[in-house]
Amino acid sequence: MSSGASFYLTTPIFYPSDVPHIGHGYTEVAADVLTRWHRQAGDDTWLLTGTDEHGQKMLRTATANDMTPGEWADKLVQSSWLPLLDTLDIANDDFIRTTQERHETSAQAFLQKLYDDGFIYTGDYEGFYCVGCEEYKQSSELVEGTGPFEGQRVCAIHSKPVELLHERNYFFRMSEFQGRLLALYEERPDFVQPESARNEVVSFVKQGLADLSISRSSFDWGIQVPWDPSHVVYVWFDALLNYITAVGYGRDDEQFARRWPGIQLVGKDILRFHAVIWPAMLMAAGLEVPKHVFAHGWLLVGGEKMSKSKLTGIAPTQITDVFGSDAFRYYFMRAITFGQDGSFSWEDLSARYQAELANGFGNLASRVLAMVARYFEGRVPEPGGYEAADEAIQRTVAAAAQDADAAIERFAINEALGAVWTIVEELNGYITEQAPWVLAKDPARRERLGTVLYTATEGLRALAVLLSPVIPQATAKLWTALGAEPQLGPLAEQRIRAAGEWGQLPAGATVGALVALFPRIEQEIGASA
Ligand code: MSP
């Protein structure tokens, strides 16, 4: 299934200085839902994620743990970052680590090109550096410290002191790109999304751009500057390049042409790196800029951005151990408007699990299949003549499929889920109104009973396909129980853009028993949070 348009999506590459929390999990899941959808639509899809392993933060954390940064990265990647992908059912196509040879070599080639073309010069820099952000800060970005840092100026994001650095560095002539960047935002209003992110970037760039310091010489954990081994490449400059080095830049022209330009999905904390520095770098190298940069919002816990450094971090397994990975995926995609901040609470998660997944969707599936088993010996019945109520379901299914696809196209994942959920709601209402258990008592209404249960079963078929990018485990179970695979093939091969076409599940398919898709949670939740 790779004949369609190219859809190459990336997540930020994460610092493996520490273990992942649900904020990182949120980005991974969103990227995975979008790519699963496109993959199932037949697009030529590629999902890249990975780890950002150079820089001072990594160096310091490793040193504090009596390891080399390379050893520390290996340990964390193996014990935490790769397992995160399993925990959350992420179907990534590649995982890049910036310490890999393929990245280092291609990143050096990129840098050398910019140097040869006159975009890089030597200069002196003095400024305040935040190791947490791995970024020089303007005075306006600092705030008064509190607690142990009272009396000091601290980074507004990390609440930790910044360091005054004075170095002779290599600089990238970023200031030259102000005009071209503003023209880009103007000509392609959907380049930076959502609108609020675009506005922020436009007003930032309008104030003028400084050149960017792109090397460091006071430590050696990084990619060597090819023409001057006494410098290593600034960690952000190195990290941004992963999006092209992973798909063959400088090594495999065919793969690069097939994938690039891609789409960068990031948290809004790192929007400027992606919407300003990154396209300027690409322009300097004569490469295409990304198709889009989409910035999602923050997960807030207790009203604050959830973060490990502020000790509000929640490990993804705290949620998946209790509710399962499908529930994690569903909850964050449904409860938060993609592109805006959203608050996490155990109560909300638990309430939605019970009302929407267990009672709304899970019960619907098990009730319908139980009735097919009881009234038709487990065979999907032949529908008779359709009545208005049945046709209304068919229209709901068609509209939901179309609306969901259009919403995914706009990165509106929560709207897509809302559209699909109209099928769950309508079908539940339909079953109550049609009351198959009453029809079953009257042999004269046997054909009507068949039509009603066919309608409900075929509705479940559409739901399995449309929900499979979000809740892959539950929908796989449902697909098996529907007896759909022998008739229609594997769930992953169902074309999602055709999911709304009525009448795909043939009468006579043999349905099986369905275990509770979302069992009751007995455990007291959130106790450890
Ligand atoms: N290594 C850089 C990114 C380089 S990309 C070329 C980095 N890494 S990070 O480990 O700090 O991850 C930041 C990303 O994690 C955010 O952009 C976002 O995707 C995710 N999140 C971290 N905390 C989050 C929340 N509280 N809420 C939502 N997303 C969060 O920055």
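The values are calculated or read from the model by the stated rules, or taken from the named source; none is laboratory data. Everything numeric in this text was worked out from a predicted model, so none of it was measured. Cβ sites come from the backbone with ideal geometry, for glycine too, and all protein chains shown count toward neighbours. These accessible areas exclude ligands, DNA and RNA; they are computed on the full protein's heavy atoms, side chains included. Shrake-Rupley method; radii C 1.70, N 1.55, O 1.52, S 1.80 Å.
Observations on the model:
- Ranking PHE172, ALA335, TRP479 by how far each Cα lies toward the positive end of the dipole of the chain (charges on Cβ) leaves TRP479 at the top.
- With a simple spin-label model that places each label point 7 Å from the Cα along the Cα-to-Cβ direction, the separation between ASP220 and ARG180 comes to 3.5 nm.
- Based on protein heavy atoms only, the range 203-244 ends up with 36 Å² per residue of surface accessible to a 1.4 Å probe.
- The chain - Debye-derived log10 I(q)/I(0), Cα point model, q = 0.07, 0.08, 0.09 Å⁻¹: -0.45, -0.58, -0.71
- For the range 452-529, the set of GluC sites (Glu not before Pro) satisfying both a DSSP loop assignment and a count of at most 10 other C-beta atoms within 10 Å is given as GLU522, GLU524.
- For the range 1-119, size of Cβ-based charge dipole, Lys and Arg +1, Asp and Glu -1, in debye: 160
- Euclidean distance between Cα centres, the range 424-439 to the range 129-175, Å: 61
- The chain: DSSP helices with Cα axial extent of at least 30 Å and average Kyte-Doolittle hydropathy no lower than -0.5: 388-409, 413-434, 446-467
- Of all lysines in the structure, those lying under 20 Å Cα to Cα from LYS291, and not within fewer than 8 positions of it along the same chain, are LYS268.
- Inverting the pair-averaged 1/r between distinct Cα atoms of the range 235-342 gives 16.2 Å as its Kirkwood hydrodynamic radius.
- The smallest convex shape that holds all Cα atoms of the range 282-336, its convex hull, gives 159 Å³ per residue.
- The residues packed around ILE120, meaning those with a beta-carbon under 13 Å from its beta-carbon, carry a net charge of -3 if Lys and Arg are +1 and Asp and Glu are -1.
- Violating pairs (Cα-Cα greater than 31 angstrom) within the set LYS75/LYS113; LYS137/LYS305; LYS57/LYS305; LYS113/LYS305: LYS75/LYS113; LYS113/LYS305
- Within the straight-line cut-off of under 16 Å between alpha carbons, the aspartates and glutamates reachable from LYS441 are GLU377, GLU433, sequence neighbours fewer than 8 places apart in one chain being disregarded.
- Put a dot 7 Å past the Cα of LYS441, heading toward its Cβ, do the same for ALA91, and the two dots end up 4.5 nm apart.
- For GLY267, the amide hydrogen comes within under 5 Å of the amide hydrogens of HIS296, counting only partners 5 or more places away or on other chains and with H modelled in the peptide plane.
- Share of carbon and sulfur in the accessible area of the range 44-194 stands at 48%, probe radius 1.4 Å.
- Computed over the range 106-262, the P(r) tail beyond 26 angstrom holds 40 percent of alpha carbon pairs.
- Unit charges at the beta carbon, dipole of the range 132-174: most positive-side option, SER159, GLY132, PRO148: GLY132
- DSSP-defined antiparallel bridges as percent of all bridges, the chain, nearest 5: 55
- Cα-centre dipole for the chain with unit charges at Cβ (Lys and Arg positive, Asp and Glu negative), debye to 20: 760
- Straight-line cross-link partners of LYS206 among the aspartates and glutamates, defined as a Cα under 20 Å from its Cα and at least 8 positions apart when in the same chain: GLU141, GLU176, GLU186, GLU187, ASP190, GLU195, ASP269.
- Cut-off 20 Å, label 7 Å out along Cα→Cβ of GLU163, residues of the range 45-61 by amide N: 52-61
- Centroid-to-centroid separation of the range 1-67 and the range 245-324 [C-alpha atoms, Å]: 7
- Remark: the range 304-353 projects, on average over all directions, an area of 3.6 nm² (convex hull of Cα atoms).
- Per residue, the accessible area of the range 37-155 comes to 43 Å², computed with a 1.4 Å probe over protein heavy atoms only.
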